[in-house]
1. Considering only residues that are hydrophobic (A, V, I, L, M, F, W, C) and surrounded by fewer than 17 Cβ atoms within 10 Å (Cβ to Cβ), which ones fall in the range 116-144?
2. Among the numbered conditions (1) touching a residue at least 40 places away in the same chain (Cβ under 8 Å); (2) assigned to a helix (DSSP H, G or I), tell me where Thr147 comes up short.
3. For the range 159-195, which positions are touching a residue at least 24 places away in the same chain (Cβ under 8 Å) and farther than 20 Å from Arg124 by Cα?
4. Under 8 Å between Cβ atoms, at least 6 apart or on separate chains: pull out the pairs that start in the range 115-129 with a residue that is more than 12 Å from Val148 (Cβ to Cβ) and end on any residue that is surrounded by fewer than 15 Cβ atoms within 10 Å (Cβ to Cβ).
5. Before we move on, is Arg64 among the charged types (D, E, K, R), modelled with pLDDT of 70 or more and farther than 30 Å from Asp119 by Cβ?
6. Cβ-Cβ under 9 Å, sequence separation 6+ or interchain: first residue in the range 55-74 and without any contact (Cβ under 8 Å) to a residue 60 or more places away in the chain and more than 18 Å from Leu86 (Cα to Cα), partner aromatic (Phe, Trp, Tyr) and part of a loop (DSSP other than H, G, I, E, B). Which pairs?
7. Given the options Leu86, Leu118, Leu129, Leu96, name the one that is closer than 19 Å to Met210 by Cα, touching a Leu at 6+ places or on another chain (Cβ under 9 Å), of a type in the set (A, V, I, L, M) and at pLDDT below 95.
8. Answer yes or no as to whether Glu194 is at pLDDT 90 or above, surrounded by fewer than 18 Cβ atoms within 10 Å (Cβ to Cβ) and farther than 20 Å from Trp27 by Cα.
Amino acid sequence: MRVLVCLLLICGASQAAAGDDPRVLGWQDLIPATSHVEDPFAELIPDQLDQLLPLSMVEAYRARAAAGQPLSEKDSKHLADLSSSLAEKGVDVDGLLARRAEFKEKRRATWGAVETSLDNQYVRIPGFLLPLEFDGMRVTEFLLVPTVGACIHVPPPPPNQMVHISVTEGIDNKGLFSPVWVEGTLSIEGGQSELFLSDGTAGVSFGYRMEALRVVDYAE
């Protein structure tokens, strides 16, 4: 199963030769290349890696002060000592933290961004389903996700890693552990769904929708 999950994640996009054949997508294809943001902390040289904790503490102290939470005399002295020590070791505290703030803002802005070039594309994509709506015993709506049980036992993936699937006639409930291929026209219309869990419900955001034409077992 672990090998299968890897295959689902790295399955590359390839355009079928026939014009009416669907484009086969992998999950990485749903993430825009422009959404990748470099973390400036990753640029610290090995000798500076032990400075990550004090640098993060400086960031936390400054965040408290910026939020209007006065620092105690002890905390103020600790902040000054940390800043001085980092500067003596060649760490550009102000520059790194400014870039770190920019990194966080860009990551928030791009988190879950969708690949607009896929809008209205006829595609085929593999994944695992999380049922949302039923007609009797048949599933009429589900979330397609790249890994087994995503959202169930782990935090939900970003919206660009979830596709809301509608199936007019419904399909048999194949369970969480049975991978499928889904085929249809993809749209970049996002939204939210209520996912029913064993201990209640959870709201999750998805970045894509599809009215499925075919849902078949992954082995087919």
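1. First, the residues of the range 116-144 that are hydrophobic (A, V, I, L, M, F, W, C): 118, 123, 125, 128-130, 132, 134, 137, 139, 142-144.
Phe134, Met137 - these are the residues of the range 116-144 that are hydrophobic (A, V, I, L, M, F, W, C) and surrounded by fewer than 17 Cβ atoms within 10 Å (Cβ to Cβ).
2. Among (1) touching a residue at least 40 places away in the same chain (Cβ under 8 Å); (2) assigned to a helix (DSSP H, G or I), the lone unmet condition for Thr147 is (2).
3. Gly191, Ser193, Glu194, Leu195
4. Qualifying pairs under 8 Å: Tyr122/Asp20; Pro126/Leu7.
5. On the way: among the charged types (D, E, K, R): yes; modelled with pLDDT of 70 or more: yes; farther than 30 Å from Asp119 by Cβ: yes.
Against the criterion (among the charged types (D, E, K, R), modelled with pLDDT of 70 or more and farther than 30 Å from Asp119 by Cβ), Arg64 qualifies.
6. Partner pairs satisfying both residue conditions: none exist.
7. Working: Leu86 fails: closer than 19 Å to Met210 by Cα; Leu118 fails: at pLDDT below 95; Leu96 fails: closer than 19 Å to Met210 by Cα.
Unique residue meeting the criteria: Leu129.
8. Values: at pLDDT 90 or above: no; surrounded by fewer than 18 Cβ atoms within 10 Å (Cβ to Cβ): yes; farther than 20 Å from Trp27 by Cα: yes.
Taking the combined requirement at face value, the residue does not satisfy it.
The values are calculated or read from the model by the stated rules, or taken from the named source; none is laboratory data. Keep in mind it's a predicted model, so treat the numbers as computed, not measured. Neighbour counts run over all protein chains shown; Cβ positions are idealised from the backbone, glycine included.
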